[in-house]
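J.: Would you mind keeping the following structure in view while I ask a few things?
Any read-out appearing in this document is the output of simple, stated calculations on the displayed coordinates, not a laboratory observation. Remember, predicted model here, so these are calculated numbers, not experimental data. Virtual Cβ from ideal backbone geometry, glycine too; neighbours counted across all protein chains shown.
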Amino acid sequence: MNILFVCSGNTCRSPMAEALFKELVKNKNIEVKSAGISATNGDPIAIHVRSILQEKKIDYFHLSQRINPELILWANLILTMTKTQKFLLLALFPQMAKYIFTLKEYTTETADLDIKDPYGSDLLAYRQCGEEIEKYLNVLLKQLS
């Protein structure tokens, strides 16, 4: 199974989801990557994301990458952080519609499908974002098991 997490810049939410989910699926046959719809290739993860992952003892190196057809075709499941990102991917890759969901949409029945972008916020906002992502990743893991 190949899972692709997608956000805007690929420096906050999607790499945090990638790192956290990689930790959850260690020793399972699941590959995980992340990308950004408007990412610049080669940017490091946000300093607060690095801090959160270090607190959790997760060793993770990441440079941002822009979404591309190769990544889309690689993925069996594409999980975005917002419904806008989902709709943009659907417009770009309509043939992949049955594989594209928001993370919340795929894991719950909530009406609020967006995970708020903490970009430019303080460490507390990043922690809250990470906790929200982790909550849905745990549901995802149960669904895939």
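J.: Under the definition of Cα pairs under 8 Å and six or more residues apart, what whole-number percent is the relative contact order of the chain?
T.: 28
J.: Can you sort Val25, Val49 from fewest to most other Cβ atoms within 10 Å of each residue's own Cβ?
T.: Ordered by Cβ neighbours within 10 Å, fewest first: Val25, Val49.
J.: What order do you get for Leu71, Leu53 when you list them from fewest to most C-beta neighbours inside 10 Å?
T.: Ranking Leu71, Leu53 by Cβ neighbours within 10 Å, fewest first, gives Leu71, Leu53.
J.: Starting from the 7 Å offset along Cα-to-Cβ, what nm value, one decimal, do you get for the label separation of Leu141 and Lys56?
T.: So the two model labels end up 0.9 nm from each other.
J.: Take every Cα-Cα distance within the stretch 2-140, group them into 10 Å bins from 0 onward, and report for each bin the whole-number percent of pairs it holds.
T.: 13, 48, 35, 5
J.: Of Lys86/Lys116; Lys28/Lys116; Lys22/Lys142, which pairs sit farther than 20 Å apart, going by alpha carbon to alpha carbon?
T.: From Lys86/Lys116; Lys28/Lys116; Lys22/Lys142, over 20 Å: Lys28/Lys116.
J.: While we're on this one: With a ≥ b ≥ c taken as the square roots of the eigenvalues of the C-alpha gyration tensor of the stretch 89-143, please select rounded if a/c is under 1.5 and otherwise prolate if a/b is larger than b/c or oblate if it is not?
T.: oblate
J.: Rounded to the nearest 5, what % of DSSP beta bridges with both residues in the chain are antiparallel?
T.: 5
J.: Then there's this: What aspartates and glutamates could a cross-link reach from Lys83, if we take a straight Cα to Cα line under 13 Å and drop same-chain neighbours fewer than 8 places away?
T.: Qualifying aspartates and glutamates at Cα under 13 Å: Glu105, Asp112, Asp114, Asp117.
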